[in-house]
Amino acid sequence: MENRFDEKCELSATNILDLEGRSINGVRIGEILGEGCFGVVYTGEKAGTSLAVKVANINSANQKRSTTNEIEMLRRLRRTTGVVQYIGVYQVNKMHFMYLELAFMNLHDLLGKNRSRRFTEATCRKIIHHGLKIIQRIHGKNIIHRDIKTDNFLVSLPKSPMNEVSLILGDFGLSKSLNGTDPRRRHDFKSAFHATPHILNGSMPTMQDDIIQFGYVALETVGMSLSELELEELNEFKKNLLKAPETAMMNQSKFFLPLFEEISRLELNTPINYDKLLKAVPLKNFHDSRLFLEKKKGVLKFP
């Protein structure tokens with residue numbers, strides 16, 4: 001029977017991209033869901049329960065602070081509706097395993113399922129309505145996410161028979177509690193494509209910046225990809241979007257104009273009026289706010 005020492009020795013020489021099919025700490029590691037600078041996310045299964053396994057090699061003090069911070073934020077947000085649920089953590093030498101609620105897919109990848117790379121107006125309104133409520137909840141616990149983008153908004157595993165899903169916010173690696181120190185104070189927030197004008201001017205991210213970044217999410221749901229713009233063009237667009245949203249927005253996004261007008265009125269030292277933001281994205285004649293995936297040619301996606 002393999003003991004803990006053998007597991008440590010074996011994993012220390014293992015690449016985090018080569019874990020599929022292995023059983024670690026009672027969790028059977030499945031396929032890779034995604035990878036990035038943070039590490040790799042796998043599917044996992046333990047005692048019949050499916051979960052996501054976020055694996056990272058902790059090679060620096062900064063990485064350790066970031067990982068510890070994310071765990072602390074997720075613990076504080078446990079049972080918060082719309083936040084990815086933290087299950088547990090396991091560490092072998094420098095290899096770190098974080099167990100999380102398993103989701104279906106992120107919004108960025110779901111957009112890629114549609115040839116037009118956009119969703120219907122009904123779906124967009126529902127996504128933004130739910131997303132604003134999620135952000136309001138985390139802000140209500142004095143936490144700023146600081147990395148709001150379509151990659152970090154997930155949808156839950158679909159529920160049969162109508163494939164109903166809910167919106168989930170994940171990846172709290174850059175998040176910050178307003179009541180504590182900043183574990184990522186040296187992070188270059190200005191380098192991100194979704195950095196707001198305030199951040200580009202040298203300010204640290206605020207709750208208002210979470211909302212502005214969520215505005216960029218809204219634009220992506222209607223087919224605009226900010227990451228494809230040249231840097232100078234992108235920064236100019238962001239400034240104009242806050243100064244004169246009516247002239248900056250594309251025709252297909254004009255139904256979001258009331259939302260961006262409210263966003264343009266945000267002041268850094270004034271509490272956010274979430275009710276006004278929500279009223280700016282009315283669900284109109286849609287019979288309810290529930291989200292459903294549709295199966296077309298065997299593929300589940302948003303309409």
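Among 214, 286, 256, the largest mean-square fluctuation in a Gaussian network model of the chain (Cα springs under 10 Å) belongs to 286. Stokes-Einstein diffusion of the range 94-210 at 10 °C, 1.306 mPa s viscosity, Kirkwood radius from Cα pairs, rounded to a whole number: 99 µm²/s.
Taking Lys and Arg as +1 and Asp and Glu as -1, the other residues whose beta-carbon sits under 12 Å from that of residue 96 total +2.
Ellipticity at 222 nm from helices only: DSSP H runs of n ≥ 4 in the chain, each -39500 (n - 2.57), divided by the residue count, give -10000 deg cm²/dmol.
Using a 10 Å Cβ count of at most 16 others and DSSP loop calls, identify the longest part of the chain lacking such trypsin sites (Lys or Arg not before Pro). Excluding the exposed sites themselves, the longest stretch runs over 187-264. In the range 197-303, what GluC sites (Glu not before Pro) fall in a loop by DSSP, with at most 10 other Cβ atoms inside 10 Å? Passing both the DSSP loop test and the Cβ count: 230, 267.
Dipole of the chain computed with +1 at Lys/Arg Cβ and -1 at Asp/Glu Cβ about the Cα centre; of 222, 39, 92, farthest Cα towards the positive end is 222. Couplings 3J(HN,Hα) for the range 77-92, derived from phi with the Karplus relation 6.51 cos²θ - 1.76 cosθ + 1.60 (θ = phi - 60°), are 9, 4, 6, 7, 4, x, 10, 4, 8, 7, 9, x, 8, 8, 9, 10 Hz, where x marks Gly and Pro. Farthest toward the positive end of the dipole of the chain, out of 119, 161, 263, is the Cα of 161, where the dipole comes from beta carbon charges about the Cα centre. For the chain, modelled as a GNM whose springs connect Cα atoms under 10 angstrom apart, the maximal fluctuation among 160, 227, 203 occurs at 160.
Across the chain, the fraction of Cα-Cα pairs farther apart than 26 Å, rounded to a whole number, is 48%. Build a GNM of the chain with springs between Cα atoms under 10 Å apart, and of 39, 48, 112 the one that fluctuates most is 48. Enumerate the amide H contacts of residue 292 below 5 Å, restricted to partners 5 or more residues apart or on another chain; note that Pro and chain-start residues carry no placed amide H. HN-HN under 5 Å from residue 292: 165. The label-point distance for residue 279 and residue 188, in a model that sets each label 7 Å from Cα toward Cβ, rounds to 4.3 nm. Counting beta carbons within 10 Å around each of 87, 168 and listing the fewest first gives the order 87, 168. Charged neighbours of residue 138, selected by a Cβ distance under 14 Å, balance to +3 (K, R count +1; D, E count -1). The Cα atoms of the range 1-140 define a convex hull whose projected area, averaged across directions, is 10.5 nm².
The value of relative contact order for the range 104-301, using C-alpha pairs under 8 Å at least six residues apart, is 28 percent. Put the Cα centre of the range 135-212 next to the Cα centre of the range 66-104 and the gap is 15 Å.
Quick note: the coordinates plus some simple rules give every number you see, no bench work behind them. All of these numbers come straight from a predicted model, not from anything done at the bench. Glycine gets a Cβ as well: all are built from the backbone with ideal geometry, and neighbour counts include every protein chain shown.
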